[in-house]
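The values are calculated or read from the model by the stated rules, or taken from the named source; none is laboratory data. Every value quoted in this text rests on a predicted model; they were computed, and no experiment measured them. Because the Cβ atoms are built from the backbone with ideal geometry, glycine has one as well, and the counts that use them run over all protein chains shown.
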């Protein structure tokens, strides 16, 4: 998958890396085949580790908590029972996310 991403990145593109959950349980990790795209397209890859930003957490709370209290930040919670219902739930969640981005014209 990452090989496809590299082939389609724009010139001077950037990739932020902050998790590798798809790799955690692999016995053998996937490799990248076409790293030359990093050079040809001058792509930058930078990793972000949450513990590097712990000192900013109080500032984050000062900024975000008022927004939550004023209902300026909201979230939609979608709880699905049963693994067999997961795929259907994912499509519904995607539809609601698109509706939030595009407005009610989506429906």
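Descriptive notes on the structure:
- Residues (closer than 16 Å to residue 3 by Cβ, exposed (fewer than 10 other Cβ atoms within 10 Å of the Cβ) and within 23 Å of the chain's Cα centre (by Cα)) located in segment 27-46: 29, 31
- Only helices (runs of 4 or more DSSP H) whose full extent lies in segment 22-107 are considered here, and the ones with at least 2 residues that are at pLDDT 90 or above are 36-40, 57-69.
- Residue count for segment 1-21 under the criterion of being exposed (fewer than 10 other Cβ atoms within 10 Å of the Cβ) and under 19 Å from residue 49 (Cα atoms): the result is 3.
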